[in-house]
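Have a look at the structure below before the remarks.
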Amino acid sequence: MNPWIEKKKILITCPKGIVPWLAEEVRALGFCILAEGEAAVETEGTLADTMRLNLHIRTGHRVLYLIEAFNAENPAGLYAGIRKIPWEELLYESGAHAYLCVTSTADTPTINDGRFVNVKAKDAIVDRFVERCGLRPDSGPDRDRAVVHVYWRGSDALVYLDTSGEPLSRRGYRKIPLAAPMQETLAAAVILATGWKGRTGFVNPMCGSGTLAIEAALFAEGRAPGLLRSNYGFIHIKGFDPAAWRKIRAAAHEMQKESAAQIIATDIDPRAVAAARQNARTAGVENLIAFTVCPFARTPLPERGGVVILNPPYGERTGEISKLTGLYREIGDFFKQKCGGYLGYIFTGNTALGKQVGLRTKRRIVFYNSEIECRLLEYELYEGTRRKEPFHGSK
């Protein structure tokens, strides 16, 4: 078995609601789309292809390379199927510091604790190694080396190599996250959903830890987000070619361009701006973002237009929501009075608060922030008065 040259199915997972933008990214990289799920896109390729996917994908979480699919009616069948896989040809050159992490997703009536699948799969792999190589690899929860993922639903068992290791959302730049930060992959998908091309203004009042502005800067510069990381799961698979990986990274560096965008990030909290600036410095894009401490309504806007996007709090308790009503109305006033010629966006998990903005939405795009169903509300902000036309926006 040589997965580096053998073409198999590749599953790229993502948060719910992001699939259309993930599929667009995969196609842009030259891969076909075999299927789209609620939170994943399926394509095909070799293990070598996963290096490029991990490096360039902005909206995906994990790149899973299919090793084997088989029927498993019960735990014994799962164990037997996994033990048949020639793991000694995949995972380790030798027994020195051998380590394995097993993750799983299970939906089968034969078990009532998903952790049992991890243990059963790990036992099958370890027992295979003891039998064939006379060594017993260690295992644990850390994803910094080889990672195997098992998907077991009904009687269908799929075994993958998790070529990402740590989720791709962990770019490595957000050292100071602050409270309730937007995940990097979600921020990237939100930016793609606006249609912003990286050539006009990108204004992010209430920037918090700066994730939206940093992802915008990476996009405007054409920088592959994976360049910020040095470790992936595929590096720990037998047959990994460091020279080929260096070549792929070098090609990604050559694709970078000089940013023409004006990116502005503001927050009323000096600690937030300091954290955002530090995170941008870690990401290598501090010079592309103008940071300012000020109320959102005083955020400077470039004259040539672009997008202005806010991710305000949306509250979890009744008392909080009543206090936030005024904030959303002030955002509406800010849009009307200051943002003519821009596309305005509000990302919120509270549709009732969104209605307080007092402007008609052009689009309402569904996203999920963890398990919270959210909306990206789009407002077309005109300068001066505009002749009334029939409205055809989505609801």
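Coordinate-derived values only; no laboratory data. Just so you know, these numbers come straight off a predicted model, no measurement behind them. For neighbour counting, all protein chains shown are included, and Cβ atoms are generated from backbone atoms with ideal geometry for every residue, glycine included.
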Exercise for review: Run down the aspartates and glutamates and flag those whose C-alpha is under 15 Å from the C-alpha of Lys197, throwing out any fewer than 8 positions away in its chain.
Suggested key: Glu24, Glu25, Glu215, Glu221, Glu258
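Assuming R0 = 30 Å, can you tell me the calculated FRET efficiency for the pair Arg27 and Ser322, based on Cβ-Cβ distance, to the nearest 0.05?
On the way: r = 45 Å, r/R0 = 1.50.
Using R0 = 30 Å, I get an efficiency of 0.10.
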Check your understanding: Once both labels are modelled 7 Å past Cα along the beta-carbon direction, what's the Ala244-Asp138 spacing in nm?
Key -> 2.9
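Using mean Cβ contacts within 10 Å as the protection proxy, how do 346-356, 136-146 order, highest first? Walk me through the intermediate numbers first.
On the way: 346-356: 19.0, 136-146: 16.1.
Packing order, densest peptide first, comes out as 346-356, 136-146.
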Check your understanding: What angle, in degrees between 0 and 90 and rounded to the nearest 10, separates the Cα long axis of helix 211-220 from the longest principal axis of the Cα atoms of the chain?
Key -> 80
Exercise for review: Note down the nm distance, to one decimal, between modelled labels 7 Å out along Cα→Cβ at Ser370 and at Asp123.
Suggested key: 3.4
Check your understanding: Just how far, in whole angstrom, is the stretch 116-163 from the stretch 24-91 if you go by their alpha carbon centroids?
Key -> 15
Exercise for review: Return one number: the angle in degrees, 0 to 90 and rounded to the nearest 10, between the long axis of the Cα atoms of helix 47-56 and the longest principal axis of the Cα atoms of the chain.
Suggested key: 20
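If each residue's Cβ is checked for other Cβ atoms within 10 Å, how do Ser104, Ser370, Ser209 rank with the fewest at the top? Don't jump to the answer; show the numbers that get you there.
Numbers: Ser104 21, Ser370 11, Ser209 25.
The fewest-first ordering by Cβ neighbours comes to Ser370, Ser104, Ser209.
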Practice item. Provide the gained length on full extension for the span His253 to Glu383, in nm with one decimal, where the gain is 0.36 nm per separating residue minus the Cα-Cα distance. Key: 42.8 nm
Practice item. Set the Förster radius R0 to 35 Å, insert the Cβ-Cβ distance between Glu131 and Lys7 as r into 1/(1 + (r/R0)^6), and round the FRET efficiency to 0.05. Key: 0.75
Point to revise | Listed values (i) 32; (ii) 36; (iii) 41, entry calculated as percent of Cα pairs over 32 Å apart | key: (iii)
Review point. Taking every pair of alpha-carbon atoms in the stretch 8-162, what share in percent sits in each 5 Å bin, from 0 to the bin with the longest distance?
Key: 2, 9, 18, 20, 18, 16, 11, 5, 1, 0
Exercise for review: On a 0 to 90° scale, report how tilted helix 270-283 is relative to the longest principal axis of the chain, with both axes built from alpha carbons and the result rounded to the nearest 10.
Suggested key: 50
